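Student: This is the structure I have questions about; it appears just below.
The values are calculated or read from the model by the stated rules, or taken from the named source; none is laboratory data. It should be emphasised that the depicted structure is a prediction, and the values quoted were computed from it without experimental measurement. Neighbour counts run over all protein chains shown; Cβ positions are idealised from the backbone, glycine included. Just so you know, the surface numbers come from the protein's heavy atoms only, side chains and all, with ligands and any DNA or RNA stripped out. Shrake-Rupley method; radii C 1.70, N 1.55, O 1.52, S 1.80 Å.
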Amino acid sequence: MVQSSWLLLLYGLPTKQTAERVSLWRKLKKFGALQLKTSAYVLPDQPAHFERFQWLAKQVRDDGGEATLIRVSEIEGVTNEEIARMFNDARALDYRGVMKSLARLIERNRKRRQESFRVDLDRSLRRFNEIREIDYFDCPNAHDAQMLLKRAGGSLKTGTAAGPRLDRKKFLGKTWLTRPRPEIDRVGSAWLIRKFIDSKARFIFAAKPSANPRAIPYDMFEVEFTHHGEDCTFETMVKRFGIRDRAVQSIAEMIHDADLEDEKFQRPEGFGLDRIFKGWARLGSSDWEILSNGFKCFDALHAALRAK
C-alpha cells in the first residue's frame, strides 16, 4: 500500500555545534529517516515516528537551534511512490552491507569453521534485525539477506538437499507466486518454468506466500522452491525437475554468480542481465512487464548458447 502522508522534520543548528549535529544525525539514521535536503528528513506518518520527531525537535531547540515538525500528504517535485522507492534504495544499501559481510564470512569458513564464526554470524543477524526494524516498505533485498543468513548458519556444512525429483506433469496449469520487482533469479526461474515445465504457467506477485495459498511460491523464504545449500532458486528448480540442457546449465551458473555474488563459476554475464531487470524497475515497468521482457532476454541467451 502506498503511503498517503508523511512527517517532515526541518531543523537548523548553529554551525559550531558539531557534536550536536553528529548526535542528531546518528539518531535520524537509527530511526531510518530519509534525508531530502541538508536539514530536512522524512518518515512515514505513524504515531511512533511522530513521537520520535517530536523528541528530536525538542533536542534541537534545547541545543539552541530551530526545528519544525509538519505532516504533509505530498511533497512537491516527488511522488509518494518515489519517496517509498527512495526508502527502499536506502535499505537496499544497508542489506547489501550485511550480505557482503556474510559472503566474506562464508568464504573464510568454507573448509573449516573458525572460532569466531558464531560471534560474526550473530553480529550480522543483529544488524539484519536492526535494518528490518526501519524497513518500512518491505525492501526486496531483505529476502536475499535472509537467505544468505540461513546459508551461513549451517546449510553449507549440513549439505541440505533441494529435495526429490519431481514430475513436471503434476505442475501443469499452476499459478506461481513470487516477490514483486523481480530480479535475475526470479525472472530466470519464471522463464525456466515457462520453457521447460509448463508453457501456460501463470505468475502473480506478493510479499508473502499467504497472499494466495493456492499458488506455488518460489524464491521466497522457507518455501520449497528457493535457495538450498549453495544453490540459487534457478539451480534448485533445474535439479528438482531434472532439466538436462547444457545451455540451461550455463545460464544457471550465470544466475548463481549474479544472484549470490560469490564468484563460484566465474561467469560475469549474468550481472549485465540483472542490471537490465533493475533498470526496468527504475523506469517504472510493472512486475509482469519485467517478467515478460526478461523471457525474451533468456530466450535469446538460450538460443545463443545452444548455437555454440
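Student: Just to be sure I understand, how many residues within region 239-266 are farther than 13 Å from residue 185 by Cα, part of a loop (DSSP other than H, G, I, E, B), open to solvent by 50 Å² or more (accessible area, probe 1.4 Å) and of a type in the set (D, E, K, R)?
Tutor: Qualifying residue count for the region: 3.
Student: Pick from region 287-296 the residues that are over 19 Å from residue 232 (Cα atoms) and out of contact with any strand residue (DSSP E or B) (no Cβ under 8 Å at 6 or more places or on another chain): which of them is most open to solvent (accessible area, probe 1.4 Å)? Before you say what the answer is, go through the steps one by one.
Tutor: Of region 287-296, the ones over 19 Å from residue 232 (Cα atoms) are 287-290, 292-293, 296.
So of that shortlist, the ones also out of contact with any strand residue (DSSP E or B) (no Cβ under 8 Å at 6 or more places or on another chain) come out as 289-290, 292-293, 296.
Details: 289: 90, 290: 0, 292: 38, 293: 49, 296: 133 Å².
Applying the filter and picking the extreme gives 296.
Student: Additional query: Could you tell me whether any residue of region 261-280 is small (Gly, Ala, Ser) and either over 27 Å from residue 135 (Cβ atoms) or under 16 Å from the mean Cα position of the chain (by Cα) (or both)? Full working, then the answer.
Tutor: Looking only at region 261-280, we keep the residues that are small (Gly, Ala, Ser), and these are 270, 272, 279.
Next cut, either over 27 Å from residue 135 (Cβ atoms) or under 16 Å from the mean Cα position of the chain (by Cα) (or both) only: 272, 279.
Within region 261-280 (the criterion being small (Gly, Ala, Ser) and either over 27 Å from residue 135 (Cβ atoms) or under 16 Å from the mean Cα position of the chain (by Cα) (or both)), the answer is yes, since at least one residue qualifies.
Student: Here's something else I'd like to know. So, in region 24-54, of the ones that are of a type in the set (Ser, Thr, Tyr) and modelled with pLDDT under 90, which residue ends up surrounded by the most Cβ atoms within 10 Å (Cβ to Cβ)?
Tutor: Residues of region 24-54 of a type in the set (Ser, Thr, Tyr): 38-39, 41.
Still in the running and modelled with pLDDT under 90: 38-39.
Details: 38: 7, 39: 17.
Per the criteria, the residue is 39.
Student: Now for a different question. How many of the residues making up region 217-234 are among the hydrophobic types (A, V, I, L, M, F, W, C) and open to solvent by 30 Å² or more (accessible area, probe 1.4 Å)? Working first, answer last.
Tutor: Restricting attention to region 217-234, the residues satisfying the condition of being among the hydrophobic types (A, V, I, L, M, F, W, C) are 220-221, 223, 225, 232, 234.
In the following step, the residues that additionally are open to solvent by 30 Å² or more (accessible area, probe 1.4 Å) were identified as 221.
Here the count works out to 1.
Student: In the list 199, 210, which residue meets the criterion of being of a type in the set (Gly, Ala, Ser), closer than 19 Å to residue 301 by Cα and loosely packed, with under 15 Cβ neighbours inside 10 Å?
Tutor: Details: 210 fails: closer than 19 Å to residue 301 by Cα.
It is 199.
Student: Turning to a different aspect of this structure: Among the residues of region 138-152 satisfying the criterion of being open to solvent by 40 Å² or more (accessible area, probe 1.4 Å) and on the phi < 0 side of the Ramachandran plot, which is modelled with the lowest pLDDT? Steps first, please.
Tutor: Step one: filter region 138-152 for residues open to solvent by 40 Å² or more (accessible area, probe 1.4 Å), giving 138, 146, 150.
Narrowing the set further to residues that are on the phi < 0 side of the Ramachandran plot leaves 146, 150.
Values: 146: 87, 150: 82.
Per the stated criteria, the residue is 150.
Student: A follow-up question, please. Between 166, 192, 177, which is among the aliphatic types (A, V, I, L, M), open to solvent by less than 60 Å² (accessible area, probe 1.4 Å) and modelled with pLDDT under 95?
Tutor: Details: 192 fails: modelled with pLDDT under 95; 177 fails: modelled with pLDDT under 95.
Only one candidate passes the filter, namely 166.
Student: Hey, any hits in region 68-80 for a residue that's over 30 Å from residue 259 (Cα atoms), modelled with pLDDT of 90 or more, surrounded by 12 or more Cβ atoms within 10 Å (Cβ to Cβ) and not aliphatic (A, V, I, L, M)?
Tutor: Looking for residues that are over 30 Å from residue 259 (Cα atoms), modelled with pLDDT of 90 or more, surrounded by 12 or more Cβ atoms within 10 Å (Cβ to Cβ) and not aliphatic (A, V, I, L, M), one finds at least one in region 68-80, hence yes.
Student: List every residue pair whose Cβ atoms sit under 7 Å apart, with the two residues 6 or more apart in sequence or on different chains, where the first one lies in region 3-29 and is over 21 Å from residue 84 (Cα atoms) and the second, anywhere, is basic (Lys, Arg) and surrounded by 14 or more Cβ atoms within 10 Å (Cβ to Cβ).
Tutor: Final answer for the pair search is 13/21.
Student: A further question follows. Of everything in region 105-118 that's part of a helix (DSSP H, G or I) and touching a helix residue (DSSP H, G or I) at 6+ places or on another chain (Cβ under 9 Å), which residue is most open to solvent (accessible area, probe 1.4 Å)?
Tutor: Looking only at region 105-118, we keep the residues that are part of a helix (DSSP H, G or I), and these are 105-108, 117-118.
Now restrict to residues that are touching a helix residue (DSSP H, G or I) at 6+ places or on another chain (Cβ under 9 Å): 105-106, 108, 117.
On the way: 105: 3, 106: 8, 108: 113, 117: 14 Å².
That would be 108.
Student: What are the pairs with Cβ atoms under 8 angstrom where one residue, in region 93-111, is over 18 Å from residue 230 (Cβ atoms) and the other, located anywhere, is aromatic (Phe, Trp, Tyr)? Sequence gap at least six, or different chains.
Tutor: Every condition considered, the pairs that remain are 95/128; 98/128.
Student: Just to be sure before I move on: is residue 284 open to solvent by less than 50 Å² (accessible area, probe 1.4 Å) and among the small types (Gly, Ala, Ser) in the structure I sent? Before the answer, list the steps.
Tutor: Values: open to solvent by less than 50 Å² (accessible area, probe 1.4 Å): no; among the small types (Gly, Ala, Ser): yes.
In short, no.
Student: Considering only residues that are in a helix (DSSP H, G or I) and small (Gly, Ala, Ser), which ones fall in region 7-51? Quick ask: steps written out before the conclusion?
Tutor: Going residue by residue through region 7-51, those that are in a helix (DSSP H, G or I) are 18-30, 47-51.
19, 23, 48, listed by residue number.
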